[in-house]
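A short write-up of the structure that comes next.
The values are calculated or read from the model by the stated rules, or taken from the named source; none is laboratory data. All figures in this text were calculated on a predicted structure; none of them were measured in a lab. Using ideal geometry, Cβ is built from the backbone for each residue, glycine included, and neighbour counts are taken over all protein chains shown.
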Amino acid sequence: MRQAGKAPRCEKKIERTGAQMRPHSTQTRRHLAMVIFGIDPGTATTGYGVLRKEGERLEVVAYGAILTSPRKTPPERLRDCYEAVCALLDTHQPDILITERLFFKNNETTAFSVGRTVGVTLLAAAQKGIPWVEYTPLQIKQAVVGYGNAEKKQVQFMVTQILKLASTPKPDDVADALAICICHAHWSRYNEMVNRNGTCRPGRE
């Protein structure tokens, strides 16, 4: 799935990675209950979102997009994405990394490309000892919209409403990353209640 329309945002280049990042951040604070890092990977554009969950409260920490140059080779773009993800993980110190489980019926080229980006993202998380969980598109739509067959615009609308954003995050990859975060926040509340009875978590590590 996929910052905030015309909302003000800061643009900067991470010179040591070569990847351009478009962050929209709020001031982070200590004593966090859980920091959730969601990512919607792609070779050209990788959306990310960072939410803080304290009890029933969900707060936006940061969201944006990692952009890689089409003038670079695929290995160089993967390196740039990897280094940018590492920088974000160092900055936000998340408790968990969340992705969407990949399903590609018709486009194997896109599947391989996105899969490579997922791979370098998981490598960055593993090197920093950050656990990973993935959810299916159905689970994400159910958690955010309440309907597993919801359309993308419905998901984007609910992300904006739930997080009380001024406008829909753009590009789409960013809204998708935030939806992935919301999904984990939803299921983590559910798991807190049912895991005591031995019920399995909906997400898959």
Matching residues in the stretch 126-156 - criterion: being part of a loop (DSSP other than H, G, I, E, B) and of a type in the set (Lys, Arg): Lys128
Kindly indicate whether Gln93 is at positive phi, surrounded by fewer than 23 Cβ atoms within 10 Å (Cβ to Cβ) and modelled with pLDDT of 95 or more. yes
Please identify the pairs in which a residue from the stretch 166-185 that is within 18 Å of Glu54 (Cβ to Cβ) has its Cβ atom under 8 Å from the Cβ atom of a residue that is buried (at least 22 other Cβ atoms within 10 Å of the Cβ) and of a type in the set (Phe, Trp, Tyr), counting only partners at least 6 apart or on another chain. Leu178/Tyr63; Cys181/Phe37; Cys183/Tyr135; His184/Tyr135
If you check Leu123 against the conditions, is it modelled with pLDDT of 95 or more and surrounded by fewer than 20 Cβ atoms within 10 Å (Cβ to Cβ)? yes
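Residue-wise test of (1) aromatic (Phe, Trp, Tyr); (2) under 22 Å from Thr168 (Cβ atoms); (3) at pLDDT below 95; (4) in a strand (DSSP E or B).
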{"site": "Leu58", "(1), (2), (3), (4)": "no, yes, yes, yes"}
{"site": "Ala65", "(1), (2), (3), (4)": "no, yes, no, yes"}
{"site": "Leu78", "(1), (2), (3), (4)": "no, no, no, no"}
{"site": "Leu97", "(1), (2), (3), (4)": "no, no, no, yes"}
{"site": "Asn106", "(1), (2), (3), (4)": "no, no, yes, no"}
